[in-house]
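Chemist: Mind looking over this structure? Questions follow.
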Amino acid sequence: MKETIDNNEPALEIHDLTVAYHKKPVLWAIDLSIKEGQLVGIIGPNGAGKSTLIKAIMGLLPLSSGWIKCYGRPVGAVRGILGYVPQRESVDWDFPVTAFDVVLMGRYGQLGPFRRPNRKDREIARACMEKVGVGGLADRQISNLSGGQQQRVFLARALALDSRVYLMDEPFAGVDAATESAIVTLLKELRSQGKTCLVVHHDLQTAAEYFDAVMLLNMRLVAYGPTSEVFTHELLQKTYGGRLTILADAAQAVAAARGGN
Amino acid sequence: MDAIGVLASRVSADASLVDQIVTFFSFGHLTLVYGVIGVVLMGISCGVLGSFVMLRGMSLLGDSIGHAVLPGVCLAFVVMQTKNVVAIFVGAVLAGVLAALAIFGITRYSRIKADAAIGLILSGFFGVGVVFLTRIQRMSFGDQSGLDKYMFGDAAALGRSDLQLMAVVTAAVLVVLAAFFRHFQVTTFDEEFAASIGIPARGVHAALMTMLALAIVVALQAVGVVLVSAMLITPAATAYLLTNRLQWTLAVSAAVGVFSGLAGLFLSFVFDRIPTGPCIVLAASTCFALAYLFSPKMGLVPGLITRIRNSRRIQRENLLKAAYGLLNCGPPDREIALADLARARAYESSFVRRVARSLRRVGMATVTDNGMVLSPAGYRRAAQVVRNHRLWELFLTREASLAEDHVHRDAEEIEHVLGEEIVAQLERDLDNPTLDPHGRRIPPPIPSVVSPSEVSSEGAVDAR
């Protein structure tokens, strides 16, 4: 599956993407093309549709319009190439699994009925845990991990997928400084391996430092490009300033007209 | 089945309690053998499925489906005019599915929230079921129906065809779960991630719901509609308190289900045929209560014991500290008057005596009529605690920039819980200091002369 892709195509290409929740548009007509091997920050205010964009790319949400291609192929056809790191709060950390169990889930993609992950899968999972510095916590039940350790476990699980494009939803949220710098190191290493990472990020201060390119999002794509060009006062003002709230009002009107709530 | 039922009731009427118990364990009656097989199958299927149901936060849904099957059971009876196992099975499954769809529809297409929708459907369907049941019992063929067994369950009334159905469903559940265990695990833990790696999350959910409906329906005969949800929730909740890995949660849950089933059957048989359902639920609830109180990691009692032990240890260490202060760098084996200790810490003298005895018990001091002498281990721990206290004060004033008069209370707590690693780290960070912020000497570490195990167990930070 992974061999059939065209490396000359952009890692990710999004055309006219519109997504609606309960008939209410949250993303309008996004066009985007991302080259391989970049660290891309997705920046925008609350409710800008950052998580929605990531989920839509992952194929987890129905699209109202548009298409998404990964290395020139529709995303449904290239599942193993896209790796997803959900928000840490999206799962129940009291769940009866160990940290190692969670990382091993990264190897479940190819698993058929009656099959267990084999020794190679286990070795990969172990190596991924070492790489993010949680190798010693493999047998811990996940509720006994700190927030930063939980986030690292999620990242180790994503590494175990061995994907080429990673989509991460707020990996820096609520982690300690050591974990934050570990994640940054990891992102740079992934980039050096030619992998592409899209990272939802909240902190404008560090965004300029962490990412090669930045996507400014507020229901519409305000700007996308190299961090130095996009991080201008004017564009940030446009993303966070009041003018775009009219989009939310318009979305409400659309939903009302379609008979939603 | 009626002949057997009559036989069983006659047995219970005539025999004494002891005879009943003997009869139970000799498995003389076929009904009893059937009952045992039935509750074992039910315990396994409900136990494993219940774990998933609980972890997915769908426990109440299971409850409402359990209640909602009653009208289906009754309608099947009316249509077939007899208690046909297959017809009742189909009727119950259809009613259960209809209830699940109704709950989904109400939450999806109105502003009613899930808990209210579940309550609505549960009571609505159950009410209709009770009306049907009452009508049927007044019909000419009603009294031979045995339908009332569906309310509270009667494992002793299980017939061969009931058991065949239960065996098929349980086997199917186990095979499906064994085949797709990893898929069920990952979708239950993190549905979106599972979908992102190509696992059909909706399909997995549908499979679970189907198996759940089937398991509920086959459990009906044994526990009845009113209490069937207990077989899903209680063993699973018990296992959840005792285990940290899903495989074990499933296994323990099934074991609790089987045990409760057997214990309930026994109670029901011995005590004059109380309906089996309540007896089984009683046994399961007892298991849960025991796990809640005594689970080694999460139980209330072990937690309480740990807290009491910790507070005793802190009392001992505070007295050690006072003794260390009174020794004032003199010879460590000098006798210290208990009255002086009481004055130093503003303690009652009876309290000092009690704590001193406690120190003697752990080998940290010898106690005389009016005084005590620290043992080498006691002196070592005393120095350690004082050292922790002063190191921590120094750390707070230097690194956290707290004022000198703000650090004592903090250090009073921290001194008892600092492990060796953190102390070593503090020493490194503070460049092996010798004086605390108040200018008092920080005692150097005393090398262990007694068995190190005792000190380390005393100094260890308890998990709670």
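The values are calculated or read from the model by the stated rules, or taken from the named source; none is laboratory data. Keep in mind the model is a prediction, meaning the values are calculated, not measured. We place every Cβ from the backbone using ideal geometry, glycine too, and count neighbours over all the protein chains shown.
Chemist: Residues A:Ile68, A:Ile81, A:Ile57: which one is within 11 Å of another protein chain (Cβ to nearest Cβ) and among the aliphatic types (A, V, I, L, M)?
Modeler: Selected residue: A:Ile57, the only one of A:Ile68, A:Ile81, A:Ile57 that is within 11 Å of another protein chain (Cβ to nearest Cβ) and among the aliphatic types (A, V, I, L, M).
Chemist: In the stretch A:165-183, is there at least one residue being more than 25 Å from A:Thr52 (Cβ to Cβ), buried (at least 16 other Cβ atoms within 10 Å of the Cβ) and of a type in the set (A, V, I, L, M, F, W, C)?
Modeler: Taking every residue of the stretch A:165-183 in turn, at least one turns out to be more than 25 Å from A:Thr52 (Cβ to Cβ), buried (at least 16 other Cβ atoms within 10 Å of the Cβ) and of a type in the set (A, V, I, L, M, F, W, C).
Chemist: So which of B:Ala255, B:Ala237 is farther than 18 Å from B:Lys149 by Cα and more than 14 Å from chain A (Cβ to nearest Cβ)?
Modeler: B:Ala255
Chemist: Follow-up. For A:Lys120, only one of the following conditions fails: (1) more than 23 Å from the chain's Cα centre (by Cα); (2) in a loop (DSSP other than H, G, I, E, B). What is its number?
Modeler: (2)
Chemist: Follow-up. Filter the stretch B:69-85 down to the residues that are touching a helix residue (DSSP H, G or I) at 6+ places or on another chain (Cβ under 8 Å) and touching a residue at least 60 places away in the same chain (Cβ under 8 Å), then identify the one that is nearest to B:Val168 (Cα to Cα).
Modeler: Taking the stretch B:69-85 and keeping what is touching a helix residue (DSSP H, G or I) at 6+ places or on another chain (Cβ under 8 Å), we get B:69-80, B:83-85.
Retained after the next criterion (residues that are touching a residue at least 60 places away in the same chain (Cβ under 8 Å)): B:69-71, B:73-74, B:77, B:83, B:85.
Numbers: B:Val69: 20, B:Leu70: 22, B:Pro71: 24, B:Val73: 19, B:Cys74: 23, B:Phe77: 22, B:Lys83: 19, B:Val85: 13 Å.
Residue satisfying both the conditions and the ranking: B:Val85.
Chemist: Taking the conditions exactly as written (at pLDDT below 90 and either assigned to a helix (DSSP H, G or I) or among the β-branched types (Val, Ile, Thr) (or both)), does B:Cys46 satisfy them or not?
Modeler: Criteria not met by B:Cys46.
Chemist: Now for a separate question. In this structure, is A:Phe211 at pLDDT 95 or above, under 19 Å from the mean Cα position of the chain (by Cα) and buried (at least 20 other Cβ atoms within 10 Å of the Cβ)? Walk me through how you get there before you give the answer.
Modeler: Working: at pLDDT 95 or above: no; under 19 Å from the mean Cα position of the chain (by Cα): yes; buried (at least 20 other Cβ atoms within 10 Å of the Cβ): yes.
No; evaluated as a whole, the condition is false for this residue.
Chemist: Considering only residues of the stretch B:194-248 that are of a type in the set (Val, Ile, Thr) and touching a His at 6+ places or on another chain (Cβ under 9 Å), which is nearest to B:Lys297 (Cα to Cα)?
Modeler: Applying the filter and picking the extreme gives B:Val228.
Chemist: Are any residues in the stretch B:181-198 hydrophobic (A, V, I, L, M, F, W, C), at the interface with chain A (Cβ under 7 Å from one of its Cβ atoms) and more than 23 Å from the chain's Cα centre (by Cα), and if so, which ones?
Modeler: Those that are hydrophobic (A, V, I, L, M, F, W, C), at the interface with chain A (Cβ under 7 Å from one of its Cβ atoms) and more than 23 Å from the chain's Cα centre (by Cα): B:Phe193, B:Ala195, B:Ile197.
Chemist: What single numbered condition from (1) within 14 Å of chain B (Cβ to nearest Cβ); (2) charged (D, E, K, R); (3) farther than 23 Å from A:Pro86 by Cβ fails to hold for A:Lys35?
Modeler: For A:Lys35, the exception is condition (1).
Chemist: Now a separate question. Please verify whether A:Phe95 is in a loop (DSSP other than H, G, I, E, B), at the interface with another protein chain (Cβ under 10 Å from one of its Cβ atoms) and buried (at least 17 other Cβ atoms within 10 Å of the Cβ), treating the condition exactly as stated.
Modeler: It is true that A:Phe95 is in a loop (DSSP other than H, G, I, E, B), at the interface with another protein chain (Cβ under 10 Å from one of its Cβ atoms) and buried (at least 17 other Cβ atoms within 10 Å of the Cβ).
Chemist: Being of a type outside the set (A, V, I, L, M, F, W, C) and in a helix (DSSP H, G or I) is the filter; apply it to the stretch A:184-208 and report the residue that is surrounded by the most Cβ atoms within 10 Å (Cβ to Cβ).
Modeler: A:Arg191
Chemist: Same structure again: Could you list, in sequence order, the residues of the stretch B:27-52 that are away from chain A (no Cβ under 14 Å) and either without any contact (Cβ under 8 Å) to a residue 12 or more places away in the chain or closer than 22 Å to B:Glu191 by Cβ (or both)?
Modeler: Narrowing the stretch B:27-52 to residues away from chain A (no Cβ under 14 Å): B:27-47, B:49.
Selection gives B:Phe27, B:Gly28, B:Val33, B:Leu49.
Chemist: Condition test on B:Asn318, is it in the same structural domain as B:Pro376 (by TED's automatic domain parsing) and either surrounded by fewer than 16 Cβ atoms within 10 Å (Cβ to Cβ) or farther than 30 Å from B:Asp19 by Cβ (or both)? Spell out how you get there, then give the answer.
Modeler: Numbers: in the same structural domain as B:Pro376 (by TED's automatic domain parsing): yes; either surrounded by fewer than 16 Cβ atoms within 10 Å (Cβ to Cβ) or farther than 30 Å from B:Asp19 by Cβ (or both): yes.
Judged against the criteria, B:Asn318 is a match.
Chemist: Looking for whichever is surrounded by 17 or more Cβ atoms within 10 Å (Cβ to Cβ), at pLDDT 95 or above, at the interface with another protein chain (Cβ under 8 Å from one of its Cβ atoms) and in a helix (DSSP H, G or I) here; the options are A:Val102, A:Val153. Which one fits?
Modeler: Of A:Val102, A:Val153, the one residue that is surrounded by 17 or more Cβ atoms within 10 Å (Cβ to Cβ), at pLDDT 95 or above, at the interface with another protein chain (Cβ under 8 Å from one of its Cβ atoms) and in a helix (DSSP H, G or I) is A:Val102.
Chemist: Within the set of pairs 6 or more residues apart or between chains, which connect a residue that is at the interface with chain B (Cβ under 7 Å from one of its Cβ atoms) inside the stretch A:107-121 to a residue that is hydroxyl-bearing (Ser, Thr, Tyr) and surrounded by fewer than 18 Cβ atoms within 10 Å (Cβ to Cβ) with Cβ atoms less than 8 Å apart?
Modeler: Pairs found: none.
Chemist: Residue by residue through the stretch B:199-233, note down the ones that are touching a helix residue (DSSP H, G or I) at 6+ places or on another chain (Cβ under 6 Å), of a type in the set (Val, Ile, Thr) and either assigned to a helix (DSSP H, G or I) or within 12 Å of chain A (Cβ to nearest Cβ) (or both).
Modeler: B:Ile199, B:Val204, B:Ile216, B:Val217, B:Val218, B:Val223, B:Val228, B:Ile233
Chemist: What helices (runs of 4 or more DSSP H) lie completely within the stretch B:363-464 and have 3 or more residues being at pLDDT below 80, of a type in the set (S, T, N, Q) and surrounded by fewer than 17 Cβ atoms within 10 Å (Cβ to Cβ)?
Modeler: Of the helices (runs of 4 or more DSSP H) lying wholly inside the stretch B:363-464, those with at least 3 residues that are at pLDDT below 80, of a type in the set (S, T, N, Q) and surrounded by fewer than 17 Cβ atoms within 10 Å (Cβ to Cβ) span B:452-459.
Chemist: Just one of B:Ala356, B:Ala346, B:Ala323, B:Ala339 is assigned by TED's automatic domain parsing to the domain that holds B:Arg409 and closer than 20 Å to B:Arg441 by Cβ; which is it?
Modeler: Going through B:Ala356, B:Ala346, B:Ala323, B:Ala339 in turn, just one is assigned by TED's automatic domain parsing to the domain that holds B:Arg409 and closer than 20 Å to B:Arg441 by Cβ: B:Ala323.
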